[in-house]
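To start, the structure itself, in structure tokens.
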Amino acid sequence: MISYPLAAGPVLTRVLEAGSGDRTVVLVHGTGGRADRWIRNIDAIAAAGYHVYAFDLPGHGFASKGEGVACSVPAYREVLGHVLDAIGARKATIVGTSLGGHVVASYACEHPERVNGIVLVGSMGLVPIGAEAAGRIQAGANNQTREGVAGKMARVIADPALVTPDMLEEEWRINNSAGAKESFAALGNYIASDLDKEVVGEQLAKADFPVLLVWGEQDKTVSPDVGRKVRALVPHSKLALIADAAHTAYFEKPEAFNGVLTGFLQNPRHAAPGRRRHLGLSHEAVHHRRHADRRHRPCAAAAALDRDRQRSHHAGCRGRRPGAAAPPNAQVARDATGQTVMPGMVDAHCHISYGVARGIEEQDLFGSAEYRAIRGTYHARAVLQAGVTSFSDPGGSWFVAVAVRDAIKAGLFPGPRISAAARYLSTHAALTDYFPSWVGSPRSGVGALTEGASQMVNEVRDQVKNGVDFIKIAASGESSILTPGGGSVPAFNAEELKVIVQEAHRLGRRVTAHARSGQSVMDCVEAGIDWIMHADFMDAQQADRLAESGIPCCPALTFTANIADWGHIAGCSQARIDRFKRRIQPVNATHSLNISAGVWKPSVLRGLSFNCLAIALSWVWEKSERSMPFGMY
């Protein structure tokens, strides 16, 4: 990392720079901060392959300050543009925190052609904060005494241990340097009088660039409720909440923040699930029904279901009378009086190519690629009929999920949105290497055997070439030979996993792993994998480390429970059903550790798989043996 002064239009600023190349990331601090607030993030972002810049806003740090230096969001917006010009960045991903988030959002709305996406951390200026909050921020900006600095740090940082005497002394000295008092006074006056007049949430909702919202769950300066409001307002946004962090999540929990940020940088469109695609279907309205909101609270409302954008226009949850008129071009499809319309579910773990296999041979050997593709299309329809409008297919035979995804996108068949992987990368110790060595790993199987780093890299490249959305690894193995008494063993070491992850990330793809063994989960964390499946053989220490990493876990809890309760419907053997019944209590114990560690929370279960729900509904609706897959775990 290097530091140097930079002329940014009419002012002089100080820049911190790390990394190289044309994938530019610019970091913008908030009120009372400066460029080195990002010191725990800059090198990590650069190490992920980005050219990173952080700079001091006027009136802060080592930038111009004092009388005659404009300190406001419009002025800072202009300076941000001058910085981009000075560093030669035609486009950038811009990250802003607190007031810096307001600056970034305002600049992006005015100059969308210059942003790849924006990241707003505990941001102000998106929705009005009110006179009381603005006055409190103004008072804090004007109070740069030692006591005032200490009080501010106690509010914005949840863990007091992070606030050292040296930090307080440095903060006090810089914020009391020549001209700082005048600049903070001018900024405080602006916040109190004009900040709420220039909120940009409505503009942001109309923009087309991806938006990542990041909030500390303990933020007392700008409540996480603001982030939730903006997430609901801006369709192309995603909200990430970071546990045990307040207003400076990027500083307090750098590993979690850096993981969320680099994931967004690698695939910003994928990270913004609210973005809709146009399907060219006609408008359809449903009248006189109850609407269930995001917290599952029913509210009487009239709304139109705009099918050409696959979204529900909430017309009455905030006071509009039931029975309000539909759009003039809507065709009324049904009177839904007394019924409830809910958003489509998202299934994070659904294998459409497996079929209802009664054994590994049937899953991996029998059935041509053509037949499996047709069967996968049938299963995708069954998922949609069960109420799931988006799902992730984390691996299967051939490139079936990729083909079905593309056929649905082309309008050939009805179906949900699909994020598709292909064959699991595996080793001889992995889940998918089922057959004796003299039989080998069949090309039609769900696993791609990789022996050595060169084969791993080549398999990643081949799958990316053939259109996968992400890479799946069988990072652990469970078999009667490797684990005769039950349990799970690592199938790759951490260095091998790193080879796969680095190559996939280089090619712009994310990576997930079937990882049940606690050690395999730890190896995945060390390798920087993007999310983990199952993780049901961890101990408390491993659960804590997974939580600290910020890597999401998709537990697929319904799989175990539904095999135990309903496996006989799909033809599972009694021995297998009994084995799953024995696993329920240990799995619950492990995921109780995950809840207490903060890996995921019951209110927002990551990856609660609904594929078994789809199976049950398919059987009820069609009484067909071609129901949703129960494929091997």
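The values are calculated or read from the model by the stated rules, or taken from the named source; none is laboratory data. All values reported here derive from a predicted model rather than from experimental measurement. Every residue, glycine as well, gets a Cβ built from its backbone with ideal geometry; the counts of neighbours run over all protein chains shown. When the accessible area is computed, the model is the full protein with side chains, heavy atoms only, and any ligands, DNA or RNA have been set aside. Shrake-Rupley method; radii C 1.70, N 1.55, O 1.52, S 1.80 Å.
Return one whole number: the accessible area per residue of the range 1-120 in Å², for a 1.4 Å probe.
On a per-residue basis, 33 Å².
At a 1.4 Å probe radius, which order do TRP38, TRP438, TRP531 fall into by accessible area, largest first?
Putting TRP38, TRP438, TRP531 in descending order of accessible area: TRP438, TRP531, TRP38.
I'd like the Karplus ³J(HN,Hα) series for the range 28-35: coefficients 6.51, -1.76, 1.60, θ = phi - 60°, whole numbers in Hz, and an x wherever there's a Gly or Pro.
10, 7, x, 4, x, x, 6, 4
R0 = 30 Å: FRET efficiency of ASP194 with GLU169, Cβ-based, nearest 0.05? Please list the in-between numbers first.
On the way: r = 33 Å, r/R0 = 1.09.
That pair, ASP194 with GLU169, gives E of 0.35.
So, R0 is 45 Å and r is the distance between the beta-carbons of ASP225 and LYS409; what FRET efficiency does that work out to, to 0.05?
Numbers: r = 36 Å, r/R0 = 0.79.
Once rounded, the FRET efficiency stands at 0.80.
For the ranges 234-240, 122-128, what's the packing order if you count other beta-carbon atoms within 10 Å of each residue, average per peptide, and put the highest first?
Averaged packing, sorted descending, gives the order 122-128, 234-240.
What is the gain in length, in nm to one decimal, between LEU365 and ARG90 on full extension, counting 0.36 nm per residue of separation less the C-alpha to C-alpha distance?
Stretched out fully, the LEU365 to ARG90 stretch lengthens by 93.8 nm.
Roughly how far apart, in whole Å, are the Cα centres of the range 221-260 and the range 432-455?
Cα centres, the range 221-260 to the range 432-455: 41 Å.
Accessible area of ASP565, 1.4 Å probe, to the nearest 10 Å²?
Near enough 90 Å² of accessible area.
Taking amide H atoms as placed 1.01 Å from N in the peptide plane, list the residues 5 or more away in sequence, or in a different chain, whose amide H sits under 5 Å from that of LYS65.
Counting only residues 5 or more places away or on other chains, the set is GLY59.
When the dipole is taken about the Cα centre of the range 334-428, and only Lys, Arg (+1) and Asp, Glu (-1) are charged at their Cβ, what size is it in debye, to the nearest 20?
200
Accessible area of LEU412, 1.4 Å probe, to the nearest 10 Å²?
The value for LEU412 is about 120 Å².
Which shape class, rounded, prolate or oblate, goes with the range 146-227 when its Cα gyration tensor gives a ≥ b ≥ c as root eigenvalues, a/c under 1.5 marks rounded, and past that a/b bigger than b/c marks prolate?
oblate
Return the long-range amide H neighbours of ALA245 (sequence gap of 5 or more, or a different chain), with a cut-off of under 5 Å between placed amide H atoms.
Answer set, sorted by chain and number: GLU217, GLN218.
Between ASN143 and ARG576, what is the spin-label point distance in nm, taking each point 7 Å from the Cα along the Cα→C-beta axis?
That separation, rounded to one decimal, is 6.5 nm.
How many nm is it between the label spots at GLU202 and PHE435, if each spot is 7 Å from the Cα in line with the beta carbon?
The two pseudo-label positions are separated by 6.4 nm.
How much accessible surface area, in Å² rounded to 10, belongs to the heavy atoms of ASP159 with a 1.4 Å probe?
70
In the range 34-123, what GluC sites (Glu not before Pro) fall in a loop by DSSP, with at most 14 other Cβ atoms inside 10 Å? Intermediate values should be presented prior to the final figure.
On the way: sites: GLU67, GLU78, GLU110, GLU113; in loops: GLU67.
Within the range 34-123, the qualifying GluC sites (Glu not before Pro) (loop, at most 14 other Cβ atoms within 10 Å) are GLU67.
Greater than 18 Å separation of Cα atoms is the criterion. Which listed pairs, LYS472/LYS498; LYS91/LYS238; LYS65/LYS220; LYS65/LYS181; LYS152/LYS181; LYS91/LYS197, meet it?
From the list (LYS472/LYS498; LYS91/LYS238; LYS65/LYS220; LYS65/LYS181; LYS152/LYS181; LYS91/LYS197), the Cα-Cα distance tops 18 Å for LYS91/LYS238; LYS65/LYS220; LYS91/LYS197.
Based on the Cβ-Cβ distance of ASP565 and HIS428, what FRET efficiency does E = 1/(1 + (r/R0)^6) give at R0 = 22 Å, to the nearest 0.05?
Once the sixth-power term is evaluated, E becomes 0.05.
Once you have the Cα-Cα distance between GLU113 and ASN466, take 0.36 nm times their residue separation minus that, and quote the gain in nm to one decimal.
124.0 nm
Quick check: with the 1.4 Å probe, what order do SER193, SER183 take by accessible area, largest first?
Working: SER193 65, SER183 0 Å².
Accessible-area ranking of SER193, SER183, largest first: SER193, SER183.
Taking the solvent-accessible surface of protein heavy atoms with a 1.4 Å probe, what is the per residue accessible area of the range 355-407 in Å²?
In whole numbers, the range 355-407 has 38 Å² accessible per residue.
Determine the distance separating the Cα centre of the range 492-535 from the Cα centre of the range 45-123; give it in Å without decimals.
If we compute the Cα centre of each part, the gap is 33 Å.
Using a 7 Å offset from the Cα along the Cα-to-Cβ direction at both ILE584 and GLU132, what is the distance between the two label points in nm, to one decimal?
4.9
Before anything else, pin down the relative contact order of the range 161-243: Cα pairs under 8 Å, at least 6 apart, normalised by residue count, whole percent.
With pairs under 8 Å counted, the relative contact order is 27 percent.
How high is the relative contact order of the range 1-52, given as a whole-number percent (alpha carbon pairs under 8 Å, six or more residues apart)?
Answer for the range 1-52 is 39 percent.
Using a 1.4 Å probe, what is the accessible area per residue for the range 457-565, in Å²?
Ligands and nucleic acids excluded, the result is 35 Å² per residue.
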